[in-house]
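**Q** Dropping the structure in here first, questions after.
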Amino acid sequence: MTQRIAVIPGDGIGPEVARVGVRVLESLGLPLQFEWFDFGAERYLRDGTTLPSGFMDALRRDYAAVYFGAVGDPRVPGNEHAKGILLAMRFELDLYINLRPCILIDDRLSPLKGKGRDQLKFVVFRENTEGLYTGSGGVLKRGTPDEVAQEIEINTRKGVERIVEAAFAYAKQRGLRRVCMADKANVLLFGHGLWRRTFADVARRYPGIEAKAMYVDALAMDLVRQPEAYDVIVTNNLFGDILTDLGAALTGGLGIAASGNIHPGRVSLFEPVHGSAPDIAGQGKANPLAMALSGALMLEHLGHRREAERVTRAVEDQIRGGARTPDLVPFLGGPAATTDQVGSELLARLSAAP
């Protein structure tokens, strides 16, 4: 049965890495049908469109996944179009899991002395639809000396429980031993008290998994000191945003950092986390490997685990011994290659592998 994939390349380097990502996935011979959409800054500036009416319903009804490049353009003040495209899909499709693997592929990419592949391999489950990113709040007396601004954090039992449950289920399925929850319950007594209680309740359903709650500042410090102590981390939207960038820095940078925005059993969205990088757009400097790894996450979500592993292995081989874009040269050495050169070499690796 053909699975339809909505491809939204978006802005900046998004189209460059999306082209490589789709070529990689098309080479696998799977029954995937890729359909391209031009939603992004160019379309928004041209006719005001973010996502057209009915597009969300079409995604729910007709598509298995969204393969997303990047969004963000300095020509759009405040990146208003990004809210109407990427954030709208996260919230309206209820993509409550932001899955961020932080896996070191080559020891040379580690910035931590004495910490290599055996120590740097954890996964973050970031709650993706609540917290401080819901836009709840407001401003009173804007622009005056008496201005008051409120940003309201939303935490629901349902929202917290399902992301914590997803983290424990992931650990159990993969034979991982530890789940750590990050909060700031010593100061944020009400919302993060809910996180503490819910985490304890869910942990009791998984007696074989070590469960630990930590304050987020202590966890950030410990991830640098002893990352090997962590297998799965689960946290709220804001803290997850911060910790996952730390995780990317510990494992090679944003150029190889993949993510999934997931609702199990429903259409979900997969994207690299490097952003649109308008300063290098069109120069052939963008690293396409995060897009390829995001494609591997998408394949696993769609039930193609063997092919997902093939793509992941090819990317790992590419990083360890192949051409690399400028972001990886300081770590791995060698001359800098272009986006298309890395993509072509990756395709060759895939075709040669069993």
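The values are calculated or read from the model by the stated rules, or taken from the named source; none is laboratory data. Source: prediction; values computed, not measured. Virtual Cβ from ideal backbone geometry, glycine too; neighbours counted across all protein chains shown. We work out accessible area using only protein heavy atoms, side chains counted, and drop any ligands, DNA or RNA first. Shrake-Rupley method; radii C 1.70, N 1.55, O 1.52, S 1.80 Å.
**Q** With a ≥ b ≥ c the root eigenvalues of the C-alpha gyration tensor of the stretch 54-109, is it rounded (a/c under 1.5), prolate (a/b larger than b/c) or oblate?
**A** oblate
**Q** When only Cα pairs under 8 Å and 6 or more residues apart are kept, what is the percent relative contact order across the chain?
**A** 22 percent.
**Q** Still on this structure, please answer the following. Multiply the residue gap between residue 204 and residue 80 by 0.36 nm, knock off their C-alpha separation, and tell me the result in nm, one decimal place.
**A** Values: separation 124, 0.36 × 124 = 44.64 nm, distance 4.27 nm.
Gain on extension, residue 204 to residue 80, equals 40.4 nm.
**Q** With every protein chain left in place, what is the accessible area per residue of the stretch 270-325 in square angstrom, probe 1.4 Å?
**A** 35
**Q** So, by mean Cβ neighbours within 10 angstrom, what's the order for 228-235, 286-293 with the highest one leading?
**A** Ranked by mean Cβ neighbours within 10 Å, highest first: 286-293, 228-235.
**Q** Report, in debye and to the nearest 20, how large the dipole of the chain comes out about its Cα centre when Lys and Arg carry +1 and Asp and Glu carry -1 on their Cβ.
**A** Working: 42 positive and 43 negative charges, 211 e Å.
That gives the chain a dipole magnitude of about 1020 debye.
**Q** Still on this structure, please answer the following. Compare the peptides 27-39, 337-349 by average per-residue count of other Cβ atoms within 10 angstrom and give them in order, highest first.
**A** 337-349, 27-39
**Q** Among 39, 74, 268, whose Cα sits farthest toward the positive end of the charge dipole of the chain (+1 at Cβ of Lys/Arg, -1 at Cβ of Asp/Glu, about the Cα centre)?
**A** Value: 268.
**Q** So, one more: Among 150, 318, 283, which one shows the highest mean-square fluctuation when the chain is modelled as a Gaussian network with alpha-carbon springs under 10 Å?
**A** Among 150, 318, 283, the largest GNM mean-square fluctuation belongs to 150.
**Q** In the chain, how many lysine pairs have Cα atoms under 19 Å apart, counting only pairs 8 or more places apart or on different chains?
**A** 5
**Q** Report ³J(HN,Hα) in whole Hz for each residue of the stretch 144-154, in order, from the Karplus equation J = 6.51 cos²θ - 1.76 cosθ + 1.60 where θ = phi - 60°; Gly and Pro get x.
**A** 10, x, 9, 4, 10, 10, 10, 10, 9, 8, 9
**Q** Given 0.36 nm per residue, what is the gain on full extension from residue 177 to residue 242 after removing their alpha carbon distance, in nm?
**A** 21.0 nm
**Q** Quick check: at a probe of 1.4 Å, how many percent of the accessible area of the stretch 261-354 sits on carbon and sulfur atoms?
**A** C and S fraction of accessible area: 52 percent.
**Q** Set Lys and Arg Cβ to +1 and Asp and Glu Cβ to -1, take the dipole of the chain about its Cα centre, and tell me which of 163, 173, 235 lies farthest positive.
**A** The residue sitting most towards the positive pole is 173.
**Q** Is the chain rounded, prolate or oblate when judged by the Cα gyration tensor, a ≥ b ≥ c being the square roots of its eigenvalues, rounded requiring a/c under 1.5 and prolate requiring a/b larger than b/c?
**A** Verdict is rounded for the chain.
**Q** Counting DSSP beta bridges in the chain, what percent are antiparallel, to the nearest 5?
**A** Here the antiparallel bridges make up roughly 40 percent for the chain.
**Q** So if each residue of separation counts as 0.36 nm, and I subtract the Cα-Cα distance between residue 249 and residue 148, what length gain in nm does that give?
**A** 32.8 nm
**Q** With charges only on Cβ, +1 for K and R and -1 for D and E, what is the dipole size of the stretch 236-343 about its Cα centre, in debye, rounded to 20?
**A** Values: 8 positive and 11 negative charges, 55 e Å.
In debye, rounded to 20, the stretch 236-343 gives about 260.
**Q** Taking each pair of distinct Cα atoms in the stretch 256-330 once, what is the resulting Kirkwood hydrodynamic radius in Å?
**A** Averaging 1/r across every pair of different Cα atoms and inverting gives 13.3 Å.
**Q** If packing is taken as the mean number of other Cβ atoms within 10 Å per residue, what is the order of 62-73, 81-92, highest first? The partial results should precede the final answer.
**A** Details: 62-73: 22.6, 81-92: 19.8.
Ranking, from highest mean packing down: 62-73, 81-92.
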